[in-house]
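Laboratory data are not the source of any read-out in this text; all were calculated from the coordinates shown. Bear in mind the structure is a predicted one, so any value in this text is a computation, not a measurement. Methodologically, a virtual Cβ is constructed for each residue, glycine included, from the backbone with ideal geometry; neighbour enumeration extends over all protein chains shown.
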Amino acid sequence: MNMLVTIDSEVKAYIKKIMGQLHKWLVSGKISKLIVAITSKDTGEVVERWQFDVQVLSGTVSAAESGSSESAKEPDHSKPQEEIQKEVQAIIRQITASVTFLPVLEGRCTFNVLVYADGDVQAPVEWVDSDAKTIKNAEQVQLRSFSTDKHKIDTLVAYSLGDA
Amino acid sequence: MSTFSTPSRPVRRTLFFNSPNVPKQPRLDSAGTSSTLSFPSFPSMTTTPRKHATKSIGKPNSPLRNDVALSDWALTSSALGSVNSTPGKITKKEKALRASAKVDRFIPNRQTSNTSISKLEASESSNTSTASSDTATDSTQSVCESLQYRTSVAEACGIALNTRILEFQPAAPQSSKPVDLRSQYNRPLRPAANAQARRKVPTGPERVLDAPGLIDDYYLNLLDWSCGNQVAVALEQTVYIWSASTGSVSSLMDSTNGTYVSSVRWSGDGAYLSVGLSDGDVQIWDVEDQTKLRSMSGHSARVGVLSWDKHMLSSGCRDGSIWNHDVRVAQHKVSEFNNHAAEVCGLEWRADGAQLASGGNDNVVNIWDARSSTPKFTKTNHKAAVKALAWCPWQTNLLASGGGSQDKHIHFWNSTTGARVNSIDTGSQVTSLRWSSLYKEIVSSHGFPNNYLSIWSYPTLTKNVDIQAHDSRVLHTALSPDGQTLATCASDENLKFWKIFESMGRKVASAGSTLASGKDMAKTMMIR
């Protein structure tokens, strides 16, 4: 099973911009969900929806309130890094393997990135309010989770089975 | 709060939802929930300029649902002021009273419920409140109240409170190249010969000579190119020698009246030319001296094909017999191969002289062992006369044979096992086959309909190029001694030269290794 990495510099720059903002939000615990919606270019329908639920673990919230930079340095009861990496690897492996059950994407597609943010979040100009981009009659598959000291991430993929 | 200080246009339109008096609104930091979103207040219909309202509602990128959520959220602050336009027209005092009267926050009283519903309905068009200075107690009470109907409204609408769904607006970059996933998932096991891998072959002739009077007969072999770089071509009764090095032409011989030359073939050293005649005579000529060395008669019919193996000359006759002549001895006929029922038109010794391949008008390919007079293999796969025969220069036991107009196939044989290893349907009569000594390729010449020269890669059998060579069927071909140039002559009476296996500076030396000096050869091979 191959994992493909984009080499398109435009896509890289695009994702980098998103990730920069996500980083700020994640550190301050402002977002609860990250959605990657794969949309058909022809029909505009959402055909696949990857949802990553972000749970900010209790200890972090207070830390984030007092100051996000300090919260990063709390050595107490920390999870070993190898374990975290293992969990992340497991998810990536699972996502890669999901091509076996996900329907084949017909035609040309694009993707959108959504976040479920707190109401009082500060959003840069590029981020605008949107609908949830849900899929009607979607099949949902819960994938693995992973957690760090600060966050717990649940993964869920939703896809439409089409006519079948 | 930063967005508030530097509001850009799209955000402002979305977030501030027709509130022209926003800047005048005091901040209510004490409430703890205030934010950029909590500011929008809903001025009454009378105070709101109509223009603003229509503009924000009609905007495509703020869906109705969001507006509901927004206005819901905005109620926090709108409720801080007096709710002048609510249906009940509650005054500030009454409102304060009502708020204090509430005890159970889970069961909102009827008035509150009414308010929330009416708020929801009204939120689209207009609402009330102007900036007013409330007391601190008043504001906390109204926050409590607004929380209640906010939750109830949110429950009714199925909207999670305190969250916004944000989308990264810029569209994802388009892929510049067309994406074809089939190439990813459906990879061929063997990469096809694509345009880049294919060798570039010049499709124009290097030189064209006239060949008037060339007999249009498939079963004859009237063209050969010696290792001394001389081209022999038989035009009816006369054999001409054209020197590729100097461009000079000389007439070697004329046959006697009533006969014509039916085949020519150079000996291996390029010094002698064997000539087959229509009366069954086989003559050997010294080209340097332009003298006939000997005449070997005996065949009862025309000799359509000849092949040399050192001092042995094999001749194929119209009666189907193949005679082997030892040109050194008086009793020249040393053996006879008889297995063809019709005219022999293809005859080719293997380079090492161990095997002889013959093809005939009886559609049979015979592979003979030099020591035996019975064929080692007899192949009947072709459905037409087999004239085109060629032994592979890099794989000794590989023989290619091409069939005539009813057959149109090239078959490849393993002459050790007799197995057919490959086949090509060319779609046209195969008149001759030549292996390239420089490339792993074979060129075939064809008749009707296109009179192509086709170059095939071996063993992939992919067609490299088709060259429309002549106006009528290509009858004979011959390769130059350096292996780069192919001579073709056709019934349109043209003799053409094609540099189809141009060496690009490699392998020339090895190709000319049979000659005295490869370097010299490359120089002399320039066709003038």
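Tabulated data for the structure shown
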item	result
Cα gyration tensor shape for the range B:207-526, rounded if a/c is under 1.5, else prolate or oblate	rounded
Top of A:118, A:149, A:42 by mean-square fluctuation, Gaussian network on chain A, Cα under 10 Å	A:42
The range A:9-159, dipole about Cα centre (Lys/Arg Cβ +1, Asp/Glu Cβ -1), debye to the nearest 20	360
Average beta carbon contacts from partner chains per residue of B:396-409, 10 Å cutoff	0
Residue-wise HN-Hα coupling along the range A:109-126, computed from phi with Karplus coefficients 6.51, -1.76, 1.60 (Hz; x: Gly, Pro)	10, 9, 9, 10, 10, 10, 10, 9, 10, 5, x, 9, 6, 9, 10, x, 4, 5
5 angstrom amide H check on residue B:347, placed H, neighbours 5+ away	B:359
Theoretical ellipticity at 222 nm over chain A - DSSP helices of four or more residues, -39500 (n - 2.57) apiece, nearest 500	-9500 deg cm²/dmol
Between helix A:81-97 and chain A: long-axis angle, C-alpha atoms, 0 to 90°, nearest 10	10
